[in-house]
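Accompanying notes for the structure given below.
The values are calculated or read from the model by the stated rules, or taken from the named source; none is laboratory data. Note that the structure is predicted; figures quoted are calculated from it, not measured. Don't worry about glycine lacking a Cβ; one is built from the backbone with ideal geometry, like all the others, and counts go over all protein chains shown. These accessible areas exclude ligands, DNA and RNA; they are computed on the full protein's heavy atoms, side chains included. Shrake-Rupley method; radii C 1.70, N 1.55, O 1.52, S 1.80 Å.
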Amino acid sequence: MERPAPSEVTGSDASVPDPQLAVTMGFTGFGKKARTFDLEAMFEQTRRTAVERSRKTLEAREKEEEMNREKELRRQNEDIEPTSSGSNVARDCSKSSSRDTSSSESEESSNSSDDELIGPPLPLKMVEEPVNRMEEDILGPLPPPLGEEVEEDDDDDGDSEEEENPVQKIPDSHEITLKHGTKTVSALGLDPSGARLVTGGYDYDVKFWDFAGMDASFKAFRSLQPCECHQIKSLQYSNTGDMILVVSGSSQAKVIDRDGFEVMECIKGDQYIVDMANTKGHTAMLHTGSWHPKIKGEFMTCSNDATVRTWDVENPKKQKNVFKPRTMQGKKVIPTTCTYSRDGNLIAAACQNGSIQIWDRNLTVHPKFHYKQAHDPGTDTSCVAFSYDGNVLASRGGDDTLKLWDIRQFNKPLFSASGLPTMFPMTDCCFSPDDKLIVTGTSVQRGCGSGKLVFFERRTFQRVYEIDITDASVVRCLWHPKLNQIMVGTGNGLAKVYYDPNKSQRGAKLCVVKTQRKAKQAETLTQDYIITQEGISPHQVTMSRDSGTSLHSRQPLSQFQWDKCSSLPVTRVVNSS
C-alpha cells in the first residue's frame, strides 16, 4: 500500500503521526507536541503561596505574644500582696490592663505600626508612687554598687594581661635528657608530627629517637654514620616527614629515609671550572641546608664554593638553580647559612662579609634585598630564620648579637640585642609557635658557667626570660609548634627536651610515663672442666654427648681409675642476667 504524499494528508490525519515513519526515524514519541508552561502563572501561584504562609506565621506569632502577655499579667497580679488596698489596686490594674489589651487589640486590627510597645502595661503602683514603691516592683536581685563593677572590670583586665603575657606559655616546667654522646650535638631535627627526633654531632653519629617507643631509659633505637668521618652540621625533616636532609662537612649532601637508608646523594662538582654556575654540584665544604616548605622533594644547600644551590630529590646528578652571593663590588663571598621563607618564594642567605642577601626563588641573578652590614665582617652569621607570618627575619650573628629585620623595609634592623656569646658556627634561633617570642642559645667556656636559653619578646625585643640548660654551650634550639616542646642541643653531648604537662602535647609526655624495661638475659661464655677416663679423648667425649649416650652409663670407675683421670678445659655456654 502506497503512503499518501504530505500534501494529501488533511483533516484529522495530519495530527496523527505515521507509525512507519516513527519506526524508521527511531523516535518513540515522534510527532507529539512539546509541553508548554505559563511562567507568569507559575510565578503568581508561588507568590500567593508565600504570602499565605507569611500571613499564617504572623498570626501564629501574634497569638503567642498575646498568650505571653496574659501569663505575665497573671503572674504580676499574683505577686501583689493580698491586702485590701492591694486587692483594690490589683482589680484596678486588671481592669485597666483588660481595657488596655482590648484597646491594643483594636489598634492592632486598625493600624499595624512598628512603634507599638510589646508586653503588659505598667502597674498602677509604679505610675502613682514611683519613688516610694520602686524597690517592691523590681524583679530579680538588685544591681551591684558602682565600686564592685569597677573591681570586677579591673580583675578582667588583669586576667587578659596574664593571658597576653607570652612568658606564661613557655613549656619549661619539666625536662628529659637524651644522651647522644660525649661530643657536641650540632644538629637537631623533629618530624612534622612530632613523633621522632633525630640528633647529629661532632662524633659523626646520627641517632634516632622515637617518643612513642622509648621508655624511661631514654635510649635511641638506631645509630648510624651516614657521612663517614664528616661532622654532622644540619639535620631537617621534609615537610611530609618521610625524608631527612643530612648536611655534613663534605661537599655532598645526602637524603635518607625515616629508617636511615640512603635515598640520594648530591653529585660533586668540578673544582677546576671557574664559573661555579657551570658545575653540577658543590666543590667545597657545606655549611647548612633547608627543605622547601611547600614543594615536595626540593631542598637547598650553601657551601664554601660561594654558591647557594637548590636540588630535587628525583635528580641528584645536577642542581636546579645556582645563586651566587656577591659583595657590592661584585666579588665572590661565602654564604654561611641559608633558609626559605615560610611560603617558599624567597631565599635568604647570610655571608662572611656580614651581609644578608635575599633572592626571589625564580630569579637567580640579582638579589631582591641586600643589606651589606647586617653583622660585623669576618664573623660567621650562624642562622637566619623567618617568622611564621613571613614578615620578619631574625639573624644570629657571630658577633654575639641577635637582630630582627622587617623584609618590607629592609634598610635597617628593627631591634638588636648584644651580649649573646657564641662559639659555634651553627648556633641558631627560632620563633615561638605564636610568633611572640624569639629564642636563642648562648655559649660558655668549659668550667666557666652554664649555657642559657634566652627568650626575647618580639614586639619590644626585651629579654623577658632565660633557662639555665647545663654547664656547656647551647648550640641548637627547636620549638615544635604542634608539640609545644623545646628541644635543645648542647656542647657536652646532651639533647634536652623541655615540656609542660598541661601546655604540651604528646612527645616527651609519652615516654616519661613508661617504666624502664628489664634488661634482657645475655649469653656469656664461661670455662668449665670435665673429667674423662684415661685413654678417652675429649673428641670422643663430645661425640658421646652429641649421640645421646653417656660415658657414665658404663661400669663405675674405681678409685685407681679416678686417680689416673686428667682434667681438660672445655667451653660451655650458660645464661646469666
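Taking H as built 1.01 Å from N, whose amide H comes closer than 5 Å to the amide H of L178, not counting residues under 5 places away? Residues meeting the amide H criterion: A495, K496, V497. In the frame of its principal axes, the stretch 317-436 has Cα extents of 39, 32, 32 Å, reported largest first.
Packing, taken as the mean count of other beta carbons within 10 Å per residue, orders the peptides 424-430, 448-454, 510-516 from highest to lowest as 424-430, 448-454, 510-516. Dimensions of the stretch 393-483 along the principal axes, based on C-alpha atoms and rounded to the nearest Å, stand at 43, 32, 22, largest first.
The Stokes-Einstein estimate for the stretch 442-500, based on a Kirkwood radius over Cα pairs and taken at 10 °C with 1.306 mPa s viscosity, is a diffusion coefficient of 131 µm²/s.
Remark: the stretch 403-408, residue by residue, has Karplus-estimated 3J(HN,Hα) of 10, 10, 10, 9, 6, 7 Hz, where x stands for each Gly or Pro and the curve is 6.51 cos²θ - 1.76 cosθ + 1.60 at θ = phi - 60°. In this structure, the amide hydrogen of T470, modeled 1.01 Å from its nitrogen in the peptide plane, lies closer than 5 angstrom to those of G451, counting only residues at least 5 positions away or on a different chain. For the stretch 172-230, the Kirkwood radius over C-alpha pairs fed into Stokes-Einstein at 25 °C and 0.890 mPa s yields D = 201 µm² per second. Within a straight-line Cα-Cα reach of under 18 Å, K63 can be paired with the following lysines, leaving aside sequence neighbours fewer than 8 residues apart in one chain: K71.
Annotation: average projected area of the stretch 209-336 is 9.2 square nanometres, based on the convex hull of Cα atoms across all directions. The translational diffusion coefficient of the stretch 213-282, from Stokes-Einstein at 20 °C and 1.002 mPa s with a Kirkwood hydrodynamic radius over alpha carbon pairs, comes to 152 µm²/s.
Among the protein heavy atoms of the stretch 227-327, carbon and sulfur supply 46% of the accessible surface, probe 1.4 Å, non-protein parts ignored. Accessible area per residue for the stretch 355-404 is 40 Å², calculated with a 1.4 Å probe on protein heavy atoms, without ligands, DNA or RNA.
Here's how it looks for A374: its modeled amide H is under 5 Å from those of S355, I356, which are all 5 or more places away or on a different chain. So which of K318/K403; K207/K268; K254/K452; K169/K496; K219/K294; K412/K496 end up more than 28 Å apart, counting from Cα to Cα? Check vs 28 Å cut-off fails for K318/K403; K254/K452; K219/K294; K412/K496.
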